[in-house]
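Notes follow once the structure below has been shown.
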Amino acid sequence: MKIDLLQMVEYGGCSAKISPKQLEEILKYLPLPSDPNILVDIDTHDDAGVYRVNDELALVLTTDFFPPVCSDPYEFGQIAAANSISDVYAMGGDPVLALNIMMFPAAKLPMEAYEEILKGGFDKATEAGVRIIGGHTIDDFPPKYGLAVVGYIHPKKIITNAGAKPGDYLILTKPIGTGIIMAGQRLGMADAADIAEAISLMKLLNKTGAEVMNKYKVKGATDVTGFGLAGHALKMAKASKVSLKIDMQKVPLIGNTYKLIDEGCIPGASFSNLEFAEKDTYFAPGIDYNLKMIAFDAQTSGGLLMSVSPKMVEAVLPDLHAAGLTTATVIGEVIDFKGRNLHIEN
């Protein structure tokens, strides 16, 4: 029986996350423990928490799950696992263990779909060197899947949102547009080649990008997911107490992303991401509206946005390209704080 998971959701992948504005309000009520071994917590809105075990070892802990972002159950499992593991890579860590998180409507989907989702997650985790050792399932509609992941890192080699320095260049490792392309699929507007490219990119682990970051001792980075390129760049800028300047003409896009948004295919998450960020964002006069909204497109299992010193850029880019991240490119720079934390230009 052919199963199309997209028929069960209105918003899939990281587009289903609550708005960053709502999240910011919720986090105000979250009490934080006081422990000198907590090296990274939610204060800087980083991708994962980090806890020091000893002088040589710290644990990186993260979790993520969401409703289907594609039609095929196996590919959904792969994408959800890659997205969950990505947070460890963004911190420069080595993912090691994971637990499944599964919400599955047993009365509405055959067990074969459940099996395929779990198999996709297992295979992608295995590719990353991660061992899934258990998990938890509840009966819920629509289906949702993800992982809770634990990784290792040296306490003095953590890469955080707070590591961007004025003068650094901003490198993006994957093109933007997964939210728009997959919304276009649901509306019957996206072509098959763009859908296939988006799915392939969402399944692609950020492992090689993390290896390059570690090789060149990059200090500041994030992965680009539900809050969009602009939203995650803003979080990095605030944590680093700098301004990030992004040239949208230099941002690589998936296939016909620009054409789709020009035709009105703008996912709702783009507007909520814009609402959250616009008070802290300077938009260049006459900025292309389509590029502006693309900057806020919610990405699922997006690439890494890294802050790289000028003397390292000419070495980092070739290594990223050689590792298969052929669209990795410089999209902007870090500057001293200038009025607002994020500057979007074109």
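The values are calculated or read from the model by the stated rules, or taken from the named source; none is laboratory data. The shown structure was predicted, so the numbers you read here are calculated from the model rather than taken from an experiment. Positions of Cβ are backbone-derived with ideal geometry, glycine not excepted, and every protein chain shown enters the neighbour counts.
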Index of the failed condition, ILE287 passing every other in (1) part of a loop (DSSP other than H, G, I, E, B); (2) surrounded by fewer than 17 Cβ atoms within 10 Å (Cβ to Cβ); (3) touching a residue at least 60 places away in the same chain (Cβ under 8 Å): (3)
Being part of a loop (DSSP other than H, G, I, E, B) and hydrophobic (A, V, I, L, M, F, W, C): is that true of LEU61 here? no
Inside the range 291-312, can you point out the residues that are crowded, with 20+ Cβ neighbours inside 10 Å and not hydrophobic (A, V, I, L, M, F, W, C)? LYS292, ASP297, GLN299, THR300, SER301, GLY302, GLY303, SER307
Residues TYR74, TYR29, TYR11: which one is of a type in the set (Ser, Thr, Tyr) and out of contact with any helix residue (DSSP H, G or I) (no Cβ under 9 Å at 6 or more places or on another chain)? TYR29
Might you check whether a residue that is more than 20 Å from the chain's Cα centre (by Cα), over 20 Å from ILE266 (Cα atoms) and in a loop (DSSP other than H, G, I, E, B) occurs anywhere in the range 9-26? no
Please tell me if GLY264 is in contact (Cβ under 8 Å) with a residue 24 or more places away in the chain, in the same structural domain as VAL334 (by TED's automatic domain parsing) and surrounded by fewer than 17 Cβ atoms within 10 Å (Cβ to Cβ). no
What residue, of ILE3, ILE38, ILE79, ILE101, is at pLDDT below 85 and either of a type in the set (Ser, Thr, Tyr) or more than 20 Å from ALA233 (Cα to Cα) (or both)? ILE3
With ALA90, ALA98 as the choices, which residue is touching a residue at least 60 places away in the same chain (Cβ under 8 Å), in contact with a helix residue (DSSP H, G or I) (Cβ under 8 Å, 6 or more places away or on another chain) and of a type in the set (Gly, Ala, Ser)? ALA90
